[in-house]
Amino acid sequence: MIAIMCAMREELEPILKEIEVKEVIEYARNKYYLAKFNNLDLVLAYSKIGKVNAATTASVLIEKFGAKKILFSGVAGAIDADLKIGDLIIATKTTQHDVDLTVFGYEPGFIPESKVFFECDENLNQIAKKVSKKLNIKLKEGIIASGDQFIHSKEKKEWIAKTFNASAIEMEGGAVGCVTWTLGVPFFMLRSISDTAQEGAGVDFDEFLEESSRVSAKFLIAMLDEMVGG
Ligand code: SAH
């Protein structure tokens, strides 16, 4: 069973259009879509926004639905200047930029007995790179930072860039990274840029959410094609 996860309805809808949904299960105040893509068994869901919702959904996908991998598709704010709206990025690792126990001498993002960065799956990232070459689509790789805040300030964005060496910002990846690391499940994070996480980001987000969600969804479907048999 492969899980496909998003945060928002707008991110999941373009994926649902491309697959054959067999059953919809309501569980834990959410809908889980069981589907087939060629010979792949899929379970799909959008978690709702933020780290707690993302952690809950990731846990349910693994523990209740038996997901052996989680592939995330969605939108993010750009940190790196070479990331433009609609561009794609995959995470090498994810982190939680809003974790702050620094007063106790820990580095930003660190929780005792846990860690700052959660690595994404190298095999899945290789499949993404293969697809990007095949289809001649630009695909960046970098650290993605998450927190329970929509970032729309140059100052905050620069702090996250400097502190975590992050290339993009969103609100779920660090949580899914932590859950999948804890439960030992490979995790892949794909995002298309919806805004530049600085002043005016809210307006850009509203304008580009649907289009950037489609870009990410389309690439994810191409990856499933590659996983089915190239
Ligand atoms: N306008 C929406 C809220 C969007 S929150 C509403 O009214 O419901 C932003 C979502 O997109 C989150 O799921 C987050 O993961 C991602 N995202 C995109 N740009 C972001 C940014 N600049 N900062 C934080 N998250 C961002």
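Readers should treat all values here as calculations from the given coordinates under stated rules, not as data from a laboratory. Here the structure is a predicted model, which is why all the values come from computation and not from measurement. Here the Cβ is made from the backbone with ideal geometry for all residues, glycine too, and neighbour counts use every protein chain on show.
Details
- Residues Asn123 and Lys84, FRET efficiency given R0 of 35 Å [Cβ-Cβ distance, rounded to 0.05]: 0.80
- About the centre of its Cα atoms, the chain shows a dipole size close to 600 debye [charges on the beta carbon of Lys, Arg (+1) and Asp, Glu (-1) only; nearest 20 debye].
- Estimated translational D of the chain in µm²/s (Stokes, Kirkwood radius over Cα pairs; 25 °C; 0.890 mPa s): 141
- Compactness relative to 2.2 N^0.38 Å, alpha carbon Rg of the stretch 55-123: 1.38
- Euclidean distance of C-alpha centroids, the stretch 189-230 and the stretch 99-129, integer Å: 23
- Label-point separation in nm, Trp159 to Lys36, each point 7 Å along Cα→Cβ: 5.2
- Listed pairs Lys154/Lys218; Lys36/Lys134; Lys93/Lys157; Lys133/Lys156; Lys31/Lys69; Lys22/Lys129 exceeding 26 Å between Cα atoms: Lys154/Lys218; Lys133/Lys156; Lys22/Lys129
- In plain terms, the residue of Tyr33, Tyr46, Tyr27, Tyr106 with the fewest other Cβ atoms within 10 Å comes first and the most crowded comes last, giving Tyr27, Tyr106, Tyr33, Tyr46.
- Three semi-axes of the equivalent ellipsoid, the stretch 11-70, Cα gyration tensor, whole Å, largest first: 19, 13, 10
- Burial ordering of Leu34, Leu190, fewest other beta-carbon atoms within 10 Å first: Leu34, Leu190
- Ellipticity estimate at 222 nm from DSSP helix runs (n ≥ 4, -39,500 (n - 2.57)) divided over the chain, nearest 500: -12000 deg cm²/dmol
- Aspartates and glutamates whose Cα lies under 20 Å from that of Lys115, excluding same-chain neighbours fewer than 8 positions away: Asp98, Asp100, Glu107, Asp148, Glu170, Glu172
- Applying a DSSP loop filter and a limit of 14 other Cβ atoms within 10 Å to the GluC sites (Glu not before Pro) in the stretch 153-230 leaves Glu199.
- The string of couplings for the stretch 195-206 from the Karplus curve (6.51, -1.76, 1.60, θ = phi - 60°) is 6, 10, 6, 10, 3, x, 4, x, 5, 4, 4, 4 Hz, one whole number per residue in order, with x for Gly and Pro.
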